Structures are given as structure tokens and as C-alpha cells.
Amino acid sequence: MLILLAAVTNVFFGFRSKIEMKRIPNESQVYQVLKKNIVEPGGYVCNPPLTPVGVFPLDEPVFNIRYSGMGHEATAQELVVQLTAAVITMTIAAWMPSVTAIRILASHARRVFFFTVIGLLLAVFSDPAKFGIGGLPWRSALLLAANDFISWTLAGLVVAQWIATPRHAAPVS
């Protein structure tokens, strides 16, 4: 169920790809320059030329370029990796309640809150880190963080529904 929810939001609606993969107007020209100059996988930053006094101009853009070293032939392999990562993540999410305090698991609302907090922590510490020089604009980083937060909240709803309240747990008021 969780993998289906993630696939719907990220694959069918293309939420992440609309934020992280925008088209370049003169793509073929830019592609030829990049292909000629970036030959090894890695992350690259393209700065504006230095001013006559040897500093970067303040109001000029900085570009971030990522090259994985693979082309479209690796699409199926990438999909398998992403699905495997999703299955592992959801397995860990389903396992986490087994090592969680009974008090947290004692009510449906607390189980949902447990996963929502995990999502909030991931959203705060992972996606905004993609913001910065050569990174995503704040709006995009915050949208990605909101997407992760909502995904973990949905995961919390699903897992909380599937996990029965422990029998030996005392009622929590």
C-alpha cells in the first residue's frame, strides 16, 4: 500500500520530476557543451567569471550540474533500485513499532504521530539541505520537504491501521 501511494504521488503525478528536472530552452546547444566538458560522473558547480578585483559578482547565478555517468539505457535499472529502496524503507517503517515503547503504540493517534514526527525530521534535515548555491530554490526545497512529510504521515496512517494495540499495554489516557 505504501509503495503504491509513493508511486502515485511521484511517478504518475511527476511531483519530484517537475521540481528537480526542468527543461532547458536551448537544450541541444547546452547538451553539446556539457557533453564535451563534463566527462566524469560527479557534481559540478558553474560559477560566473571573477570580477577584475578577483571576486565573484554578487548578482550572477551559480549553476549546479550533476552527472551520474549513465544514460537512458539505465532507466530500468534505476527503477529497480528505487523500488528496492522503497521496499526496504517501508519494511523498516513497519519494523520500527516493534522496538518502540508500548506507550507510543497504545493508541492509533500516537502511532500516526510517531511516523509523522519521523517524516518531519526527515523533511527538515534532508530536503532543505538541497537549497543553497547551485542547489534548489527555497520554494522547491520546501515543496519536497512537504512531500516527504505528507508521505510519512500517510505511512503512519497505513502502518497505524495495520498494527494492533498491544494486549499487555495499559490503557493510556
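Data overview
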quantity: Cα→Cβ-extended label distance, 7 Å offset, between Gln32 and Val124, nm; calculated: 5.0
quantity: In nm, spacing of pseudo-spin labels at Thr91 and Lys22 (7 Å Cα→C-beta vector); calculated: 3.9
quantity: Per-peptide average of other Cβ atoms within 10 Å, ordering 149-158, 105-114 highest first; calculated: 149-158, 105-114
quantity: Long-range HN-HN contacts of Cys46 with modeled amide H, under 5 Å; calculated: Phe63, Asn64, Ile65
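Just so you know, all these numbers are worked out from the coordinates, no wet-lab data involved. Since the structure is predicted, the reported quantities are computational estimates derived from the model, not experimental observations. Neighbour counts run over all protein chains shown; Cβ positions are idealised from the backbone, glycine included.
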